[in-house]
Amino acid sequence: MRSFNCQVCGQQIYFENTQCLRCLHTLGFLPDRLDMVALEPRSDGLWAPAGEDGALYKPCRNTVDWQNCNWLIPADSEAEYCESCDLNATIPDLSAPGNRDYWITLEKGKRRLVYSLKRLGLPIVSKKQDEKRGIAFEFLRSGVPGDNDDQVMTGHINGLITVNVHEADDLERERIRLNLNEVYRTVLGHFRHEIGHYYWWRYVHRSSLIRKFRKLFGDERSDYDACIATYYQTGPLPNWQTSFVSAYASSHPWEDWAECFAHYLTIVDSMDTAQAFGVVLAVDRTRNLFPMEDAYHADSFDNMLEQWLPLTFAMNSINRSAGQRDLYPFVLPGPAIAKLRFVHEVIKANARPCAE
């Protein structure tokens, strides 16, 4: 993700900020510009980017009702919700203990996902606009009266992405991670994984790419339920590290694709952040990789990878110096790199120009 600055005072600001801590201007994100801006109030509850006399914006309804959004909507739009919140089909029962905090965490992850998809130029259409091919999110909590199922399963079907609210509970998520012997489990990672299923359904399923997909990932027509049951009963395939980005990727070709898609988004957004902060990589004492690859617009995945691997070594080294686990606890074998390259090709083939 890019770095952002308050255009009034120059203070560095985070994507999630709602107020500049230096000049105290209200801050908001403009999806049509893909930019964080300082705001000045206008009449009728509208806002204008500081120092501008042109476009006016209104807050998302989730800002007004719950203070759980910092995205804005053009004033002349009939929409009540911003582009990210408009994708919601179901939110948690906010009267239940803990649910509001969990929902805030989930929305932060979803907004980062939507930002990445917009930067990549991938279409994001709500099911409210296109019931058949659109996207919708439902956030449900296991074991709570009123939910559709006592055991909510995070997953995707035909554009509907369900996320178990418990994934926003740090303790519960870490418990699950340890029980499943995973090296990595995050809220944002769940969003990236499930949206990968959606784009496979949109762009690979029943397309001319399916033969290449099956050559790289395997035949997705194998019994999904049986494969997943086997994975949880007996564990990943032997020597999975030689072919997959993660153990779970070895469970079924659909999951392999989704894990690779999530991995690709992690690579792109992390590299973009490094570039935004002017990171220069010295892979040895005589040669620098500079400038960093513009990952969101990279034509070649191999060029990205040439810089990604030394960047991860640097990030992991910093974390180890701070007494923390590796920030990037993965090793990419050759077959996994080929799959990531295929993900890159699918995204580039379906990307559309975006406002930047």
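The values are calculated or read from the model by the stated rules, or taken from the named source; none is laboratory data. All values derive from a computational prediction rather than experimental measurement. Note: ideal-geometry Cβ built from the backbone for every residue, glycine included; neighbour counts use all protein chains shown. Heavy atoms of the whole protein, side chains included, go into the accessibility calculation; ligands, DNA and RNA do not. Shrake-Rupley method; radii C 1.70, N 1.55, O 1.52, S 1.80 Å.
Given bins 10 angstrom wide, list per bin the percent of all Cα-Cα distances in region 219-275, short to long.
23, 44, 22, 10, 1
Taking every pair of alpha-carbon atoms in region 9-71, give the share separated by more than 13 Å as a whole percent.
The share of Cα pairs beyond 13 Å in region 9-71 comes to 61 percent.
Considering amide H positions built from the backbone, and no H for Pro or chain starts, which residues 5 or more places from ASP35, or on another chain, come under 5 Å of its amide H?
Close amide H contacts, sequence-distant or interchain: LEU30.
Packing-wise, with mean Cβ within 10 Å as the measure, how do 22-33, 246-257 rank, highest first?
246-257, 22-33
Of HIS297, HIS263, which has the most accessible area with a 1.4 Å probe, and how do the rest follow in descending order?
I get HIS297, HIS263, largest accessible area first.
Binned at 10 Å from 0, what are the whole-percent values of the Cα-Cα distance distribution for region 221-344, short to long?
Spelled out bin by bin, region 221-344 gives 12, 37, 32, 15, 4, 0 percent.
From Cα pairs below 8 angstrom and at least 6 apart in sequence, can you work out the relative contact order of region 107-211, rounded to a whole percent?
22
Could you tell me the relative contact order of region 1-75? Use alpha-carbon pairs under 8 Å, at least six residues apart, and round to a whole percent.
Rounded, it is 22 percent for region 1-75.
Cut-off 14 Å, label point 7 angstrom out along Cα-to-Cβ of ALA351: give me the residues of region 97-116 whose amide nitrogen falls inside.
It comes to 116, nothing else.
Under 16 Å Cα-Cα from LYS108, which lysines qualify once same-chain neighbours fewer than 8 residues away are excluded?
LYS118
Whenever you get a sec, compute what percent of the accessible area on the chain sits on carbon and sulfur atoms (1.4 Å probe).
51
Sorted by mean Cβ packing within 10 Å, highest first, what order do the peptides 131-142, 87-98 take?
131-142, 87-98
Using alpha carbon centroids, what distance separates region 61-78 and region 223-259, in Å?
40
Any chance you could tell me what percent of the C-alpha pair distances in region 143-285 go past 25 Å?
36
If the elastic network links every pair of Cα atoms under 10 Å, which of GLY159, GLY143, GLY323 fluctuates the most in the Gaussian network model of the chain?
Of GLY159, GLY143, GLY323, the Gaussian network model singles out GLY323 as fluctuating most.
Averaging sequence separations of C-alpha pairs under 8 Å and six or more residues apart, then dividing by the length of the chain, give the relative contact order as a whole percent.
13
Using the C-alpha atoms of region 301-348, what convex hull volume per residue, in cubic angstrom, is computed?
So the per-residue Cα hull volume is 73 Å³.
Please state, to two decimals, what the Cα-based radius of gyration of the chain comes to when divided by 2.2 N^0.38 Å (N = residues).
Working it through for the chain, the quotient is 1.02.
Using only Cα atoms, what is the ratio of the radius of gyration of region 129-215 to 2.2 N^0.38 Å?
Normalised Cα radius of gyration, region 129-215: 1.27.
Rounded to the nearest angstrom and ordered from largest down, what semi-axes does the equivalent ellipsoid of region 15-157 get from its C-alpha gyration tensor (root of 5λ)?
Numbers: eigenvalues 168, 66, 36 Å².
In descending order, the three semi-axes are 29, 18, 13 Å.
Compute the accessible area per residue over the chain, keeping the other protein chains in place, probe 1.4 Å, unit Å².
For the chain, the solvent-accessible area averages 50 Å² per residue.
When the chain is modelled as a GNM with alpha-carbon springs shorter than 10 Å, which of CYS227, CYS69, CYS82 fluctuates the most?
Looking only at CYS227, CYS69, CYS82, the biggest GNM fluctuation is shown by CYS227.
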